[in-house]
1. For region 5-26, give me the residue count where each residue is open to solvent by 40 Å² or more (accessible area, probe 1.4 Å) and either under 19 Å from the mean Cα position of the chain (by Cα) or hydrophobic (A, V, I, L, M, F, W, C) (or both).
2. What number of residues within region 221-238 are open to solvent by less than 30 Å² (accessible area, probe 1.4 Å) and under 15 Å from the mean Cα position of the chain (by Cα)?
3. Give ARG244, ARG305 a once-over and let me know the one that is basic (Lys, Arg) and touching a Leu at 6+ places or on another chain (Cβ under 8 Å).
4. In this structure, does VAL81 turn out to be out of contact with any helix residue (DSSP H, G or I) (no Cβ under 6 Å at 6 or more places or on another chain) and surrounded by 20 or more Cβ atoms within 10 Å (Cβ to Cβ)?
5. Given the criterion open to solvent by 30 Å² or more (accessible area, probe 1.4 Å), under 20 Å from LEU250 (Cβ atoms) and either among the charged types (D, E, K, R) or under 24 Å from the mean Cα position of the chain (by Cα) (or both), identify the matching residue among PRO155, PRO183, PRO150.
6. So is GLY108 farther than 23 Å from ALA78 by Cβ, out of contact with any Asp or Glu (no Cβ under 8 Å at 6 or more places or on another chain) and at pLDDT below 95 or not?
7. Given the conditions (1) over 30 Å from ASP228 (Cα atoms); (2) in contact with an Asp or Glu (Cβ under 7 Å, 6 or more places away or on another chain); (3) modelled with pLDDT of 95 or more; (4) crowded, with 19+ Cβ neighbours inside 10 Å, report the number of the one that ALA131 does not fulfil.
8. Would you be able to tell me the number of residues in region 69-87 that are in a loop (DSSP other than H, G, I, E, B) and not polar (S, T, N, Q)?
Amino acid sequence: MGGAKVVYQHAARFATQGHSVVVVMPMRTGNRLAGWVRHAAVQVRDRLHGVSASSYYEARGVQSLVVPSLNAKHVPFADIVIATGFQTAMGVVNLPKSHGTKVYYLQGLETFVHRGARASWQYPMARITCARWLADEVEREGVDVLGVVPNAVDPAEFYEEVAPVHRGAQVAALYHRHPVKGPDVLIEALTHLREHRQDLEVDVFSARPPSHTFPDGVRVHVRPSVPDVRALYNQASILLHPSRSEGWGLVPMEAAACGTAIVSSANPGIAEFLTDGISVQCVPIGDGIALADAALRLLGDPDARVRQAKAGQAAVARFRLDELSDRFLNLLASLV
């Protein structure tokens with residue numbers, strides 16, 4: 001999950017600044033029995049899929065603490081305690097004051113997680129968002145936002161290795177089975193692409209084996225390492241981003257840093273860092289055919305594709321991870 005990765009990016013920076021940082025991962029939130037059943041089901045699924053159930057992300061100097069729940073007895077005392085999503089917001093707001101000043105870090109609408117997600121914005125916590133459009137949504141509900149901290153990619157992880165001009169007919173995409181991530185849109189787009197370009201190479205990567213069926217010839221990479229993801233971006237001329245909703249499109253940002261041209265659904269998160277018609281080609285949300293046709297046009301016009309790729313690289317380079325994490329840290333310091 002991009003949101004989890006961002007949490008660890010900030011946590012790592014906080015630790016380098018001399019702060020003690022613990023990422024607390026509850027095995028369940030909400031209903032106790034349902035939480036245990038869900039946790040057990042995920043463990044069984046991961047074993048069946050041959051995927052490690054251990055934490056995917058870690059950071060030097062940051063402790064990762066798995067706890068049964070967000071009951072106060074399981075959560076360390078701190079100066080600041082941050083809910084990093086709707087699932088943990090109620091647990092954090094109910095913690096005693098001794099666990100720290102409460103902050104709600106919003107990374108998306110999350111109404112696809114629970115229809116009550118908007119109501120959680122009213123909780124008595126300081127609110128920080130990852131995007132300006134999301135802050136505007138929150139403020140329209142009549143509550144204040146302490147600040148906006150955009151996302152950024154780590155330049156040590158994602159960078160250009162193959163010049164865009166030297167890339168062939170190859171596309172890449174992230175697959176996630178949740179409907180909000182547009183798996184149906186992706187499959188429609190890939191089917192249309194393969195029908196019109198038999199020479200096209202397609203790479204899809206995902207956290208777990210897909211529960212959807214892809215067209216013939218699509219290579220699927222399950223939980224690839226960062227170097228492997230970087231290699232996929234650098235091999236691809238185009239990244240397809242079919243998501244219906246994003247707080248901030250981290251995957252297209254990573255790909256753009258590697259010199260990959262982006263074709264995306266026009267979700268609000270993409271407009272936070274890329275400009276339609278210049279550094280990204282946007283199509284109506286939910287339209288897989290339009291997504292594929294935009295990719296076909298770029299594949300047929302290498303000069304336009306390279307221009308867009310370079311514009312995308314320049315756009316994402318404006319966001320510097322260390323500076324943004326320090327902005328986050330300054331917002332937290334203002335609360336203590």
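The values are calculated or read from the model by the stated rules, or taken from the named source; none is laboratory data. These figures come from a predicted structure and were not determined experimentally. No Cβ is skipped: glycine too gets one built from the backbone with ideal geometry, and neighbour counts run over all protein chains shown. In case anyone asks, the SASA skips ligands and DNA or RNA and just uses the protein heavy atoms, side chains included. Shrake-Rupley method; radii C 1.70, N 1.55, O 1.52, S 1.80 Å.
1. Result for region 5-26: 4.
2. Qualifying residue count for the region: 1.
3. ARG305
4. The answer is no for VAL81.
5. Result: PRO155 is the single residue among PRO155, PRO183, PRO150 that is open to solvent by 30 Å² or more (accessible area, probe 1.4 Å), under 20 Å from LEU250 (Cβ atoms) and either among the charged types (D, E, K, R) or under 24 Å from the mean Cα position of the chain (by Cα) (or both).
6. no
7. ALA131 satisfies all of (1) over 30 Å from ASP228 (Cα atoms); (2) in contact with an Asp or Glu (Cβ under 7 Å, 6 or more places away or on another chain); (3) modelled with pLDDT of 95 or more; (4) crowded, with 19+ Cβ neighbours inside 10 Å except (1).
8. Adding up the residues that qualify gives 7.
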